[in-house]
Structures are given as structure tokens and as C-alpha cells.
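The values are calculated or read from the model by the stated rules, or taken from the named source; none is laboratory data. This structure is a prediction, so every number in the text was calculated from the model and none was measured. Neighbour counts run over all protein chains shown; Cβ positions are idealised from the backbone, glycine included.
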Amino acid sequence: MREYPAAEDLLGAVARFLKEEAAPNLPPRESFDARVAANAVEMVRRQIMAGAEREAERQRMTEERQAVL
């Protein structure tokens, strides 16, 4: 079975490209837009990661509760 990159890894790569490759090579207005887009991508990445962490914590708490019962 083929493994695919995780969404947060893909988003990180896109944000890095926008900040490090695209923005420095664009005219000022478009460079600003690329940096804004990179920040938006990073926000989505952090939200996905936070959701995964919350889900893992919820699962851990459920398992602990079941072990006590």
C-alpha cells in the first residue's frame, strides 16, 4: 500500500515554499500576498495539529476511564 504525506507536512512544505522561494522572487505586492498566504496555510496547519492532539488526549482519557471500570 502506498503511503501519502500527512496533511500537516504538505501544508508546512507549501508555507515554506511561499515564504522562502516565491515571496523573495516576486514584486513587492505579490510578495506580500505570498507571505499572507503562507501565514494562512500555517494557521490551518496548526489547527489540524491541535485537533489531532485533542483527539489523542480524548482517546487516552477514554482508555484510562475504561481501565478503571
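Numbers for the structure displayed
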| quantity | calculated |
| --- | --- |
| Subset of region 40-68 (residues that are of a type outside the set (S, T, N, Q), modelled with pLDDT under 90 and farther than 18 Å from Ala6 by Cβ) | Glu57, Arg58, Arg60, Met61, Glu63, Glu64, Arg65, Ala67, Val68 |
| So Ala22, is it of a type in the set (A, V, I, L, M) and either within 19 Å of Ala6 (Cβ to Cβ) or outside any helix (DSSP H, G or I) (or both) | no |
| Residue list for region 25-52, restricted to those being of a type outside the set (S, T, N, Q), assigned to a helix (DSSP H, G or I) and in contact with a helix residue (DSSP H, G or I) (Cβ under 7 Å, 6 or more places away or on another chain) | Ala34, Arg35, Ala37, Ala38, Val41, Glu42, Val44, Arg45, Ile48, Met49 |
| Number of positions in region 44-69 that are of a type in the set (A, V, I, L, M, F, W, C) and surrounded by fewer than 11 Cβ atoms within 10 Å (Cβ to Cβ) | 6 |
| Tally, over region 1-32, of residues that are more than 19 Å from the chain's Cα centre (by Cα) and closer than 23 Å to Ile48 by Cα | 1 |
